[in-house]
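Step one of this worksheet: look at the structure below.
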Amino acid sequence: MNDDSSIVRLAAVLREEIGRLRPGDRLPSSRELVRSHGVSPVTVSRAIGRLAAEGRVITKPGSGAYVAPAVTRGGDDADMSWQTVALGDRVVDDSAIASLLARPPEGVIPLSGGYLNPALRPSAALSAAASRALRRPDVWEMPPRSGLPELRGWFARELGGDVTPSDVLVVGGGQAALTHAFRALAAPGTPILVETPTYPGARAAALAAGLRATAVPMDRDGVRPDLLAEAFAVTGARVFFCQPTLHNPTGATLSLERREQVLAIARAAGAFVIEDDYARYFASPSAPPMPPPMVALDAHGTVVHVNSLTKPLSPSIRVAGIVARGPVARRLRANQLVESFFVSRPLQETALEFVSSPAWRRHLNAVGAELTLRRDTVTAALATRMPDAEIHLVPRGGLHLWLRLPAERDEDAVVEAARRAGVLVSPGRLYYPAEPPGPRIRITHSAPIHTAELVEGVRRLATALNGT
């Protein structure tokens with residue numbers, strides 16, 4: 001998609017125009033470029049993005065794109081091909097994560113991404129919490145390496161069971177937690193097991209750690225224990241990554257019985273379970289109570305549990321708790337110390353101030369009700385506008401819906417047509433460690449501003465589907 005000929009052509013035209021301009025000169029507006037070149041806003045945005053990545057332009061939100069100052073780099077004929085040999089064949093593939101974090105162009109409806117719309121975030125309450133935190137006399141002192149004791153205690157109480165504050169390590173967000181866990185639990189070149197489909201950020205972190213991901217199939221109730229046991233036996237893996245609550249992207253939630261089965265299978269294999277509990281705060285208020293997290297059922301140090309505050313609060317609250325017991329806890333602490341020392345104390349103090357205040361529960365109650373309304377709104381709109389697209393299941397909460405497209409549809413063509421129609425959705429292939437079973441897309445209902453924009457996004461998506 002990124003090599004679409006229209007993007008290449010427009011970027012080439014703009015490079016020539018930049019050559020005639022001076023540093024600081026403003027390029028024509030996106031609207032002017034759409035009109036004069038007969039292309040879509042998405043094409044303009046991507047062409048400008050290419051030029052920005054090349055260092056030719058500087059973009060200023062709300063103002064436009066400007067010719068960048070000239071930078072001397074040692075000549076256009078500098079030969080950097082030596083780096084290919086020096087770097088070797090290890091791959092750090094950020095494409096999936098970058099696509100999920102990309103901001104939509106103006107006028108494009110985001111039915112993609114993984115965060116709450118800014119209107120749903122508790123920004124004012126977070127600012128108040130930060131202000132209180134910054135008034136603490138020791139806020140600029142070095143924190144304990146494993147995290148503030150009070151914050152570790154809060155994470156432990158959230159999970160229940162026999163989890164204690166000493167089991168908790170505070171790290172810089174959920175993605176950092178997964179990176180630490182993969183590096184601590186498995187040696188480069190060894191296999192790990194993941195659900196299929198699975199969160200692409202986990203796959204990318206595993207690949208960056210030099211690990212090989214083997215897919216374990218799921219059904220509507222989550223990972224299949226029989227196939228998990230078989231995968232452990234065949235691969236010899238000693239790590240299984242899963243999201244047992246409101247799985248991304250399918251929305252499945254493992255029952256208590258299956259959670260106990262997964263723990264028993266992992267223990268028999270002498271393996272760890274990384275439990276990514278990213279959606280624990282997004283359960284619908286009207287849904288039956290969720291089963292306890294697997295770490296609360298674990299008495300043998302099998303589970304390494306991840307609970308992040310980023311999803312329910314703000315992308316910039318990069319604070320998460322990893323729970324681990326036994327020698328693996330020591331390795332995780334050593335890994336963080338070597339990589340980043342510790343998480344910023346002001347950020348930890350701010351998180352602690354917020355989750356310790358009444359604003360925390362008020363926020364969760366409001367978000368839970370709003371996400372339930374959004375889920376029901378988009379489900380109804382899909383049934384009306386796209387009856388041929390099958391919803392995998394209506395989840396008990398969360399941020400996403402997983403859709404199976406008609407078998408004859410070309411997934412990439414649908415996603416690209418949707419972009420041209422002014423709506424972003426996530427292609428299903430991002431979520432599969434192996435070959436996808438057919439065309440799928442993920443729809444996120446947390447990113448649009450309000451339900452009316454959700455409905456309009458589904459209308460645009462239906463138009464794109466019908467036109468492909």
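The values are calculated or read from the model by the stated rules, or taken from the named source; none is laboratory data. Just so it is clear, the structure is predicted and the values come from calculations on it, not from any experiment. Neighbour counts run over all protein chains shown; Cβ positions are idealised from the backbone, glycine included.
Condition test on residue 147, is it surrounded by fewer than 17 Cβ atoms within 10 Å (Cβ to Cβ) and at positive phi?
So residue 147 does not fit the description; no.
Kindly state which strands (runs of 3 or more DSSP E) lie completely within the range 381-464 and contain at least 1 residues that are outside the structural domain of residue 310 (by TED's automatic domain parsing) and more than 25 Å from residue 219 (Cα to Cα).
By residue number, 423-427.
Consider the range 370-386. How many of its residues are free of Cβ contacts under 8 Å to residues at least 24 places away in the same chain and either surrounded by 15 or more Cβ atoms within 10 Å (Cβ to Cβ) or within 17 Å of residue 120 (Cα to Cα) (or both)?
Total meeting the criteria: 2.
Which of the residues belonging to the range 20-65 are more than 22 Å from residue 9 (Cβ to Cβ) and out of contact with any helix residue (DSSP H, G or I) (no Cβ under 9 Å at 6 or more places or on another chain)?
22, 23, 24, 60, 61, 62, 63
In the set 178, 207, 246, 193, which member is more than 20 Å from residue 294 (Cβ to Cβ), under 20 Å from the mean Cα position of the chain (by Cα) and touching a residue at least 12 places away in the same chain (Cβ under 8 Å)?
Selected residue: 207, the only one of 178, 207, 246, 193 that is more than 20 Å from residue 294 (Cβ to Cβ), under 20 Å from the mean Cα position of the chain (by Cα) and touching a residue at least 12 places away in the same chain (Cβ under 8 Å).
Would you mind listing the strands (runs of 3 or more DSSP E) fully within the range 266-343 where at least 2 residues are assigned by TED's automatic domain parsing to the domain that holds residue 228 and over 27 Å from residue 363 (Cα atoms)?
272-276, 303-308
Any residue that is crowded, with 23+ Cβ neighbours inside 10 Å and over 16 Å from residue 249 (Cβ atoms) - is there at least one of those in the range 421-434?
Yes, that holds for at least one residue.
Can you tell me which residue is surrounded by the fewest Cβ atoms within 10 Å (Cβ to Cβ) among those in the range 286-316 that are of a type in the set (A, V, I, L, M) and in contact with a Gly (Cβ under 8 Å, 6 or more places away or on another chain)?
287
Do we have any residue at all in the range 109-123 that's surrounded by fewer than 12 Cβ atoms within 10 Å (Cβ to Cβ), more than 22 Å from residue 422 (Cβ to Cβ) and modelled with pLDDT of 75 or more?
no
Do you know which residues across the range 184-202 are surrounded by fewer than 24 Cβ atoms within 10 Å (Cβ to Cβ) and farther than 30 Å from residue 150 by Cα?
186, 187, 188, 189, 190, 191, 196, 200
Within the range 387-399, identify whether any single residue is closer than 19 Å to residue 248 by Cα, β-branched (Val, Ile, Thr) and surrounded by fewer than 21 Cβ atoms within 10 Å (Cβ to Cβ), and answer yes or no. I'd like the intermediate steps shown before the answer.
Taking the range 387-399 first, the residues closer than 19 Å to residue 248 by Cα are 389-399.
Filter once more, keeping what is β-branched (Val, Ile, Thr): 391, 394.
Those left that are additionally surrounded by fewer than 21 Cβ atoms within 10 Å (Cβ to Cβ): 391, 394.
Within the range 387-399, one or more residues are closer than 19 Å to residue 248 by Cα, β-branched (Val, Ile, Thr) and surrounded by fewer than 21 Cβ atoms within 10 Å (Cβ to Cβ).
With respect to residue 200, determine if the residue is under 25 Å from residue 260 (Cα atoms) and either within 19 Å of the chain's Cα centre (by Cα) or touching a residue at least 12 places away in the same chain (Cβ under 8 Å) (or both). Please lay out each step first, then the result.
Working: under 25 Å from residue 260 (Cα atoms): no; either within 19 Å of the chain's Cα centre (by Cα) or touching a residue at least 12 places away in the same chain (Cβ under 8 Å) (or both): yes.
Considered against the rule, which asks whether it is under 25 Å from residue 260 (Cα atoms) and either within 19 Å of the chain's Cα centre (by Cα) or touching a residue at least 12 places away in the same chain (Cβ under 8 Å) (or both), residue 200 comes out as no.
Scan 331, 409, 345 and give me the residue that is over 22 Å from residue 247 (Cβ atoms) and touching a Phe, Trp or Tyr at 6+ places or on another chain (Cβ under 9 Å).
345
Among the listed residues 47, 53, identify the single one that is under 24 Å from residue 415 (Cα atoms) and either among the aromatic types (Phe, Trp, Tyr) or surrounded by fewer than 10 Cβ atoms within 10 Å (Cβ to Cβ) (or both).
53
Can you name the residue in the range 164-183 that is buried (at least 24 other Cβ atoms within 10 Å of the Cβ) and of a type in the set (A, V, I, L, M) and, of all such residues, is nearest to residue 248 (Cα to Cα)?
178
Name the residue that is modelled with the highest pLDDT, counting only residues in the range 212-253 that are out of contact with any Pro (no Cβ under 9 Å at 6 or more places or on another chain) and in a loop (DSSP other than H, G, I, E, B).
Residue satisfying both the conditions and the ranking: 243.
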